[in-house]
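Please read the structure below before turning to the comments.
The values are calculated or read from the model by the stated rules, or taken from the named source; none is laboratory data. Bear in mind that the values here come from a model prediction, so they are computed numbers and not experimental data. Cβ coordinates were reconstructed from backbone atoms using ideal geometry, including for glycine residues, and neighbour counts include every protein chain displayed. Calculation scope for accessible area: heavy atoms of the full protein, side chains included, ligands and nucleic acids excluded. Shrake-Rupley method; radii C 1.70, N 1.55, O 1.52, S 1.80 Å.
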Amino acid sequence: MADASDLRRALRRIQPPDAIGAERRAWAVVRTAFEEREPARRRPPQALRPLLIAAGAVALIAAVVNPPVLNAIRDAVGRTKEKKVVTYKQAFFSLPAPGRLLVNTARGPWIIRPDGGRRLLGRYRDASWSPRGLFVTALGSHDVVALEPNGTVRWSLARAGKLSFPRWSPEVDGSTKIAYLRGDTLRLVAGDGTQDRLVDAAAAPTAPAWKPGGFTLAYVGGAGRIRVVDTATNKLSWHSLRLPPVTELAWSDDGTRLLALTHRSLIVFGGLRGQRIGRAFLPAEAVAAAFAPGSHRIAVLLRFPQQSAVQLRDGDAPGAASRMVFNADGRFGTLAWSPNGTWLLAGWKSADAFMFVTPKGRQRIVGDIARQLGAFPDVPQAGWCCPTG
Amino acid sequence: MARLWGGEASWVRGAQAGSVPDLEALFREHWPRAHRAAYLVVQDAAAAEDIAQEAFLAAIRALDRFDRRRPFGPWLHRIVVNRAIDWSRARALRAEVGGDALEERASSPLVDAAYSEPTAAALAALSPEHRAVIVLRHLLEYTPGEIADLLDLPRGTVNSRLRRGLDRMREELPEEDDG
């Protein structure tokens, strides 16, 4: 470094790794953010928004006794960009795809069968399916429980402190595990309720996510980094940089993608080494996200101040342009893909309805949910499990 | 940057009117230097990408309020370099707090093995504040007075950091072999 010009040349020679890829990803994000700032200007005047929400809710309530009001619902959902086919149901005559739906409400978790039959499992919370849908894990007042789908308790593990987010692992050689949080700690218990042990003494309040096909677990550590651990060997496979608070983690079915949802962004990592595939800065509060079964497509539930929307994004390029599947006034609160990936469930809380939509735009609405379930589902993630179940 | 000024003002005007091609022209013009500057200050590829990307997003959010009579580059570089300094300080703080044993056992793919070029290594020996002034002066070619404005520092502090930073880099660089 003889002089300033030598230093300048040397600095210019230093290229950040993957500079071309970084530029491509950044441009996709910047362009999306730029394009998405336009629709905000065209939104209805502030004074009209409460009326639009009220119209949607009133239309659905009225539909219980007056099915012709379907036209009003069509109006409410008709602002989406594509032509829709809307079917309205007053009750759960059937689910639009095979599998059983598990939703959590203030009264407890419900299982809804394909024919529309439903069962309340009891006074539990935060229920989720076992890998083949043979059991459900949930939380009682002070215990982790394993239940059969008819509500029978298989085992219960009493633990002091605040319990949260029990999640059942895939099955490996006939054995399974359940990860859960106790206070700020991450713990594991075998699928038969034995061998309860500590995994990490510092975990953030985010549901852990099992990688398909094994005992590898992703969770958010106390320092705000995602950690991916092989729980069979207790070795860390990789960790991320420190992130804004992560509200959700989810793996793609093939285990090659891990999504992390934060308040306003969606980040996708490579599943093997944790390289960052991309990041999407979202135009509104992110409520939930889920990979479509068997693909890298991601559905993202967004909540604007007066509206909610479901977007589809590419998990291989999450910052690229998104596609709006459905949007309407009011609040959506629950998201789940059908096991065959053909239907999406969005819980439309302010309209007391379940909105089933396909990526191509077919829509089916089931209303009067709070009366049927005793309360509207209050957890963003629902489980729609297992076509053979 | 003077040669770009006419085109740049027109790109800003176009972007303010909603033109994607004009926004892209601005992005393509400024991304490489913004990204490289962030990388040289933070020395972390993922963080540099984030910082440069978020700086552009911040610029877009404020685009309608941007004064077209001013050049775009310094506005962007102010955001990039200040965020890069903040990120580096935060990382240093986290390192002091320490991670747990599990994390220390991990081999992080995010550590940039490529950061071994002698100049880069010499730069890495500096504090983020010193790296920032070196990058602003010798990569982005701002004058000490302009750097003082960008970083909200007294000009004397900028000159002092430049001098000490360069001295330290010379100490870190290997002796040149004329043979």
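Examine the stretch B:145-154 for a residue that is more than 8 Å from chain A (Cβ to nearest Cβ), modelled with pLDDT of 85 or more, over 18 Å from the mean Cα position of the chain (by Cα) and open to solvent by 10 Å² or more (accessible area, probe 1.4 Å), and state whether such a residue exists. Checking the stretch B:145-154: at least one residue is more than 8 Å from chain A (Cβ to nearest Cβ), modelled with pLDDT of 85 or more, over 18 Å from the mean Cα position of the chain (by Cα) and open to solvent by 10 Å² or more (accessible area, probe 1.4 Å). Looking only at residues of the stretch A:297-328 that are among the hydrophobic types (A, V, I, L, M, F, W, C) and within 13 Å of the chain's Cα centre (by Cα), we find that the one that is surrounded by the fewest Cβ atoms within 10 Å (Cβ to Cβ) is A:LEU312. Given the conditions (1) open to solvent by less than 40 Å² (accessible area, probe 1.4 Å); (2) away from chain B (no Cβ under 13 Å), report the number of the one that A:TRP238 does not fulfil. Just one mismatch for A:TRP238, condition (2). Residues in the stretch A:272-323 that are of a type in the set (A, V, I, L, M, F, W, C), closer than 20 Å to B:ALA58 by Cα and in a strand (DSSP E or B): A:ALA280, A:PHE281, A:ALA286. Taking the listed residues A:ARG331, A:ARG257, the one that is of a type in the set (Lys, Arg), buried (at least 17 other Cβ atoms within 10 Å of the Cβ) and closer than 23 Å to A:VAL30 by Cβ is A:ARG257, with no other qualifying. Taken over the stretch A:1-20, the criterion of being within 8 Å of another protein chain (Cβ to nearest Cβ) and either of a type in the set (Asp, Glu) or open to solvent by less than 60 Å² (accessible area, probe 1.4 Å) (or both) is satisfied by A:MET1, A:ALA4, A:LEU7, A:ALA10, A:LEU11, A:ILE14, A:PRO16, A:PRO17, A:ASP18, A:ALA19.
Please tell me if B:LEU173 is modelled with pLDDT under 85, open to solvent by less than 50 Å² (accessible area, probe 1.4 Å) and within 30 Å of A:ASP3 (Cβ to Cβ). So B:LEU173 fits the description; yes. Looking across the stretch B:13-27, the residues that are within 8 Å of chain A (Cβ to nearest Cβ) and assigned to a helix (DSSP H, G or I) come down to B:ALA15, B:VAL20, B:LEU23, B:GLU24, B:PHE27.
Within the bounds of the stretch A:160-174, is there any residue that is closer than 26 Å to A:ILE267 by Cβ and within 14 Å of another protein chain (Cβ to nearest Cβ)? No, the stretch A:160-174 contains no residue that is closer than 26 Å to A:ILE267 by Cβ and within 14 Å of another protein chain (Cβ to nearest Cβ).
Taking A:ILE226, is it without any contact (Cβ under 8 Å) to a residue 60 or more places away in the chain, closer than 22 Å to A:PHE332 by Cα and either buried (at least 17 other Cβ atoms within 10 Å of the Cβ) or under 14 Å from the mean Cα position of the chain (by Cα) (or both)? No.
Inside the stretch A:122-175, can you point out the residues that are polar (S, T, N, Q) and in a loop (DSSP other than H, G, I, E, B)? Before you say what the answer is, go through the steps one by one.
If we filter the stretch A:122-175 for residues that are polar (S, T, N, Q), which is where we start, we get A:128, A:130, A:137, A:141, A:150, A:152, A:156, A:164, A:169, A:175.
Correct list: A:SER130, A:SER141, A:ASN150, A:THR152, A:SER169.
Answer yes or no: is there a residue in the stretch B:41-56 that is open to solvent by 10 Å² or more (accessible area, probe 1.4 Å) and either more than 23 Å from A:ARG242 (Cβ to Cβ) or basic (Lys, Arg) (or both). No, because not a single residue in the stretch B:41-56 is open to solvent by 10 Å² or more (accessible area, probe 1.4 Å) and either more than 23 Å from A:ARG242 (Cβ to Cβ) or basic (Lys, Arg) (or both). Within the stretch A:352-374, the set of residues being part of a loop (DSSP other than H, G, I, E, B) and open to solvent by less than 20 Å² (accessible area, probe 1.4 Å) comprises A:THR358, A:PRO359, A:GLY361. Taken over the stretch A:267-290, residues that are open to solvent by less than 20 Å² (accessible area, probe 1.4 Å), without any contact (Cβ under 8 Å) to a residue 60 or more places away in the chain and more than 11 Å from chain B (Cβ to nearest Cβ) amount to 5.
Report yes if A:LEU301 is closer than 24 Å to A:ILE20 by Cα, out of contact with any helix residue (DSSP H, G or I) (no Cβ under 7 Å at 6 or more places or on another chain), in contact (Cβ under 8 Å) with a residue 12 or more places away in the chain and aliphatic (A, V, I, L, M), otherwise no. So A:LEU301 does not fit the description; no. How many residues does the stretch A:327-359 contain that are within 20 Å of A:HIS296 (Cβ to Cβ) and free of Cβ contacts under 8 Å to residues at least 40 places away in the same chain? The total comes to 1.
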